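To keep things clear, I will list the structure first and then write my remarks on it.
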Amino acid sequence: MEPRINDLQVESRVHELLDFPVHTNQISSAIYECPNDHIENPKKKPYNCPHSGAKCDVTGDIQRLLLHLRNDHNVEMSDGRSFSHRYVHHDPKHLHHATWMLTLLDCCGRKFCLYFEAFHLRKTPMYMAFMQFMGDEEEAMSFSYSLQVGGNGRKLTWQGVPRSIRDSHKTVRDSQDGLIITRKLALFFSTDNNTTDKELKLKVSGRVWREQPVSI
Amino acid sequence: MDLDSMDCTSTMDVTDDEEIHQDRHSYASVSKHHHTNNNTTNVNAAASGLLPTTTSVHELLECPVCTNSMYPPIHQCHNGHTLCSTCKARVHNRCPTCRQELGDIRCLALEKVAESLELPCKHMSLGCPEIFPYYSKLKHETVCNFRPYSCPYAGSECSVTGDIPFLVAHLRDDHKVDMHSGCTFNHRYVKSNPREVENATWMLTVFHCFGQYFCLHFEAFQLGMAPVYMAFLRFMGDETEARNYNYSLEVGGYGRKLIWEGTPRSVRDSHRKVRDSHDGLIIQRNMALFFSGGDRKELKLRVTGRIWKEQQQSGEGGGACIPNLS
């Protein structure tokens with residue numbers, strides 16, 4: 001048996017432990033009305049808003065966050081069983097305006113955050129797409145997802161396990177747990193569709209599926 | 001030179017045209033003037049008839065210093081000794097033939113003579129049947145489909161060139177490269193100290209399938225500042241033929257996997273060029289170590305892959321036309 005808990009997850013758990021006390025104190029009074037339950041039952045700990053663009057302090061349970069994402073951040077919902085998104089970046093040479101996008105996906109009644117963003121990985125411009133599960137890590141591991149991007153006769157496919165939104169967007173990005181393509185390759189993919197090489201047009205398609213029955 | 005004998009045998013395979021065959025032996029250079037005078041005269045007749053003359057014209061166009069063919073501006077001294085422009089800059093204004101002062105005289109007459117010449121491609125002995133005006137011959141030779149291939153071994157600079165069967169034998173015998181038959185593969189790359197990327201690790205394996213040869217490269221390098229591993233395939237042959245093939249590479253572990261599907265690049269494109277265009281499976285080291293499992297101290301990557309022949313769908317105009325990646 002391979003251990004289900006891997007290094008990436010251990011890393012994020014340690015991270016969470018360090019976060020924990022400050023975090024709960026901060027929100028317990030205002031939003032989440034369960035002041036004594038936090039340590040004994042971390043599953044009931046409220047989630048942070050997964051919208052990472054601006055610092056958003058909203059926390060709550062999944063239902064509340066879904067409403068918040070739709071109403072306050074105007075995030076759209078797609079069918080997670082099969083999706084295809086187009087990302088257009090008009091000025092890909094200037095990555096410092098960190099470009100990123102969030103879309104919500106629905107699969108088996110569960111919700112997933114699909115991130116797409118441009119960033120520098122040790123000075124190399126990259127694009128990255130990955131998924132996070134709106135729920136706890138334990139349940140997240142019962143799902144799998146795939147992301148595919150291509151053009152010009154090439155295709156890159158990533159298949160992974162969504163991370164829980166307990167892990168911050170940044171934690172997941174920095175652990176490189178997703179589909180990463182260099183800007184050079186992304187631009188090569190984009191030249192397929194009669195676009196000038198100054199504009200980036202990436203089509204990311206994928207799906208989410210349940211790997212095994214939930215055992216909670 | 002064994003290289004020459006190698007080339008010779010390959011020519012026999014390629015050349016089935018009698019005219020070209022003769023051409024090869026006479027090494028013809030034909031003047032345009034003659035050609036237009038007598039339209040029915042083919043290249044061979046002209047070549048055999050004018051051989052002494054054309055050969056000496058050809059010799060006239062050889063620089064006496066470097067023996068390369070001369071291109072405008074061609075220079076001469078007061079006594080009429082000719083010299084190419086590269087060498088003129090190096091002889092300190094002294095004619096290498098008569099030791100007199102060189103001056104700055106251009107030899108327009110010889111340039112005009114050169115212009116009227118038509119010469120076979122220098123890769124004629126490798127099968128190229130084409131004949132070119134003197135000044136466009138050089139341009140053609142750098143892109144001629146029959147020009148020899150460079151050795152695809154990437155580790156050290158290897159200057160060996162030749163045709164594909166020759167290079168396959170060279171890789172096997174001189175570089176001790178592993179040879180595999182079949183269109184699927186399953187390789188393990190293990191490195192005990194993956195933190196040391198400085199001593200760039202790389203590997204080359206040759207695959208033989210569909211009657212063709214493919215080079216699988218695997219290596220560790222720094223992409224900008226980020227340590228990565230990269231695997232890609234190159235086709236041992238020309239680019240147009242390379243596009244008939246596809247390949248996939250897959251690596252993964254612990255619920256994650258990464259799959260690359262692509263078209264092999266021709267070995268005409270250098271190993272470095274393909275690598276720098278990111279045209280292959282790139283694995284960030286963090287992810288590679290995650291795939292390796294264990295304590296992240298050792299790299300253990302299993303790369304599986306497959307090569308297949310693209311279905312001929314060019315009639316539909318579908319994905320068959322793949323522009324070249326520059």
* For residue B:213, enumerate residues with amide H under 5 Å from its amide H, sequence gap 5+ or separate chain, H modeled in the peptide plane. => B:236
* Asked: Residues of segment A:157-184 losing 30 Å² or more of accessible area relative to the isolated chain, 1.4 Å probe, heavy atoms only?
  -> A:157, A:158, A:159, A:161, A:176, A:182, A:184
* Scan around residue B:178 for amide H atoms under 5 Å from its own, H built in the peptide plane at 1.01 Å from N, and keep only partners 5 or more places away or cross-chain. => B:206
* Structure fact -> Residues other than residue A:125 with Cβ under 13 Å of its Cβ, Lys/Arg counted +1 and Asp/Glu -1, net out at +3
* Protein heavy-atom accessible area occluded, A/B pair - total, 1.4 Å probe, Å² -> 2800
* In segment B:170-220, chymotrypsin sites (Phe, Trp or Tyr not before Pro) in a DSSP loop with at most 15 other beta-carbon atoms within 10 Å -> B:210
* To do: Enumerate the calculated ³J(HN,Hα) couplings along segment B:291-296 in order (Karplus 6.51 cos²θ - 1.76 cosθ + 1.60, θ = phi - 60°), each rounded to whole Hz, writing x wherever the residue is Gly or Pro.
  => 4, 6, x, x, 9, 6
* Asked: Which distance in nm do the two modelled labels at residue B:310 and residue A:90 give, with both placed 7 Å along the Cα-to-Cβ direction?
  -> 3.5
* Derived scalar couplings ³J(HN,Hα) [segment A:203-210; Karplus, 6.51 cos²θ - 1.76 cosθ + 1.60; whole Hz; x for Gly, Pro] -> 9, 10, 10, x, 7, 10, 8, 8
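How big is the charge dipole of segment A:61-116 about its Cα centre, in debye rounded to the nearest 20, if each Lys and Arg gets +1 on its Cβ and each Asp and Glu gets -1 on its Cβ?
100
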* Structure fact -> Sorted by chain and number, the residues with a modelled amide H under 5 Å from that of residue A:78, at a separation of 5 or more or across chains, are A:104, A:105, A:106
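The values are calculated or read from the model by the stated rules, or taken from the named source; none is laboratory data. Bear in mind the structure is a predicted one, so any value in this text is a computation, not a measurement. Here Cβ is always computed from backbone atoms with ideal geometry, including for glycine, and neighbour counts include all displayed protein chains. Areas reflect the complete protein model, heavy atoms only, side chains present, ligands, DNA and RNA absent. Shrake-Rupley method; radii C 1.70, N 1.55, O 1.52, S 1.80 Å.
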